[in-house]
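S.K.: Got a structure here, written out as structure tokens. Questions coming.
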Amino acid sequence: MTNTEWDAIVIGGGAAGLSAAQALGRSLRRTLVIDGGAPRNRFASHMHNVLGLDGTPPLELVARGRAEAETYGVEFRQADVRGVRDTKGETSSASLEAGSPGGSMSVELGSGEVLQTRALIVATGVTDVLPEIPGLAERWGTSVLHCPYCHGWEVRGRRIAVITTSPLGMHQAKLLRQWSDDVTVFTAGLVDARGDSVLDADTERGMRARGVRLVSAPVVEVVGSGADVSGVRTADGREFEIDAVFTGFAMVPQDQFLSGVALDRSETPMGLTVSVDPMQRTSHPRIWAAGNVVSAAASVPLVMGAGNMAGAAANAALVDEDYALAAAGAN
């Protein structure tokens, strides 16, 4: 009924993409997952707050999810995506939205090969851009951490540092006091876009009342042995004994390949992201997006749910189109 090669292409093979692929495979859709092979949480040794899978290594979840999807006929290809565009211009864009049959998307790989699909799901996540502080990046995911809910239990009762990089750092710091009574917050990053401090007197008073140490000097180095942190050095020459560091970072959506299609975007606390509706559909009727690429702070269970929704919603849209195509052929 259609000359496109794939019913659906999923770009991204992490928890969100695999959940979408599984839903599509179980719906008997010819589905391809394209993945670059570098999931965001590959630096972490274990996942937490994932019901039934607590403590599972992230790469083990990916391997299990991939094997499950393959049992439903989902195919995989390791590749990078260069660009996405409408194959049939406005006809492709309007067909699913208006209920008229036909239309597809083109997905160009880094090799130059072009694939055709009726539906596209973007689940490529984000790139984490860490502060340029010596000793930080090499300990990322082990003793340099970002999420209190993901890692707080593992460092409970230990000496915790928060290196702030934006006003969001204070929220992180407040949370971490729940897991330890020895928390040091390096406040140099608590500034707004104009460079003015956002650490107000009431917040400072509350933090000190809770026993949180506040240090205004900028951090110049995270020190330790191997993957372990032992201290934090500041610009004024002091060194603080620390067991674990939490910090914020810029989260850049990996969606540059979508520049060829005009998608609506939304300003979020984490930056500008592609807008989606409750069914994970973007402003383009043939494109859905799920996971950290649209919700940078979402945890594994949340991105899995979003991916499942995107896969089911894409299948439902294709079901409607199948009926439209059949009706058109009968006339």
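The values are calculated or read from the model by the stated rules, or taken from the named source; none is laboratory data. Predicted model, so just to flag it, every value in this text is computed and none were measured. Using ideal geometry, Cβ is built from the backbone for each residue, glycine included, and neighbour counts are taken over all protein chains shown. Accessible surface is based on the protein model in full, side chains and every heavy atom, while ligands, DNA and RNA are left aside. Shrake-Rupley method; radii C 1.70, N 1.55, O 1.52, S 1.80 Å.
S.K.: Quick one: Karplus J couplings for region 316-325, per residue in order, coefficients 6.51, -1.76, 1.60, θ = phi - 60°, nearest Hz, x for Gly and Pro?
M.R.: Values, residue by residue: 4, 5, 5, 4, 4, 5, 4, 5, 5, 5 Hz.
S.K.: Now a separate question. Per the Kirkwood treatment, what hydrodynamic radius in Å, one decimal, follows for region 186-331 from the mean inverse distance over all distinct Cα pairs? Don't skip to the answer; put the middle values down first.
M.R.: Numbers: mean 1/r = 0.0505 Å⁻¹.
It is 19.8 Å.
S.K.: Given a 1.4 Å probe, how much area per residue of the chain is accessible, in Å²?
M.R.: Values: 15780 Å² over 331 residues.
Heavy-atom accessible area per residue stands at 48 Å².
S.K.: Mean residue ellipticity at 222 nm from the helices of the chain, using -39,500 (n - 2.57) per DSSP H segment of n ≥ 4 over the full residue count, to the nearest 500 deg cm²/dmol?
M.R.: Theoretical 222 nm ellipticity from helices: -8500 deg cm²/dmol.
S.K.: Could you grab the relative contact order for the chain? Cα pairs under 8 Å, six or more apart, rounded to a whole percent. The partial results should precede the final answer.
M.R.: Details: 728 pairs, mean separation 74.7, N = 331.
Taking the mean separation of contacting Cα pairs over the length of the chain, I get 23 percent.
S.K.: Given Cα pairs under 8 Å that are at least 6 residues apart, what percent is the relative contact order of region 279-328?
M.R.: Working: 34 pairs, mean separation 17.9, N = 50.
Reported as a whole number, the value is 36 percent.
S.K.: For the chain, find the longest principal axis of its Cα atoms and tell me its angle to the long axis of helix 58-71, 0 to 90°, nearest 10.
M.R.: 10
S.K.: Out of (i) -0.55, -1.13; (ii) -0.48, -1.31; (iii) -0.42, -1.29, which label holds the value of log10 I(q)/I(0) by the Debye sum over Cα atoms at q = 0.09, 0.15 Å⁻¹ that was computed here?
M.R.: Here the calculated entry is (i).
S.K.: State the Cα centre-to-centre distance between region 127-146 and region 282-331 in whole Å.
M.R.: 34
S.K.: Could you list the residues of region 173-217 with an amide nitrogen less than 13 Å from a label point located 7 Å from the Cα of E267 in the Cα-to-C-beta direction?
M.R.: 193
S.K.: Quick one: of the DSSP bridges fully inside the chain, what percent are antiparallel, nearest 5? Can you show the working numbers first?
M.R.: Numbers: 28 of 58 bridges.
The antiparallel proportion sits near 50 percent.
S.K.: Placing unit charges on C-beta atoms (Lys and Arg positive, Asp and Glu negative, everything else neutral), compute the dipole magnitude of the chain about its Cα centre in debye, rounded to 20.
M.R.: On the way: 28 positive and 38 negative charges, 86 e Å.
Magnitude of the dipole: close to 420 debye.
S.K.: Next question. With a 1.4 Å probe and every protein chain kept in, tell me what percent of the accessible surface of the chain is carbon plus sulfur.
M.R.: Of all accessible area on the chain, carbon and sulfur atoms account for 51 percent.
S.K.: I would also like to ask the following. Take the Cα of F249, step 7 Å along the line toward its Cβ, and report every residue of region 147-176 whose backbone nitrogen sits under 18 Å from that point.
M.R.: 147-152, 161-170, 172-173
S.K.: Per Stokes-Einstein, at 25 °C and 0.890 mPa s, what whole-number D in µm² s⁻¹ belongs to region 147-222, with the Kirkwood radius over Cα pairs as the hydrodynamic radius? Kindly include the intermediate steps, with their values, before the conclusion.
M.R.: Details: Rh = 12.6 Å.
The diffusion coefficient I find is 194 µm²/s.
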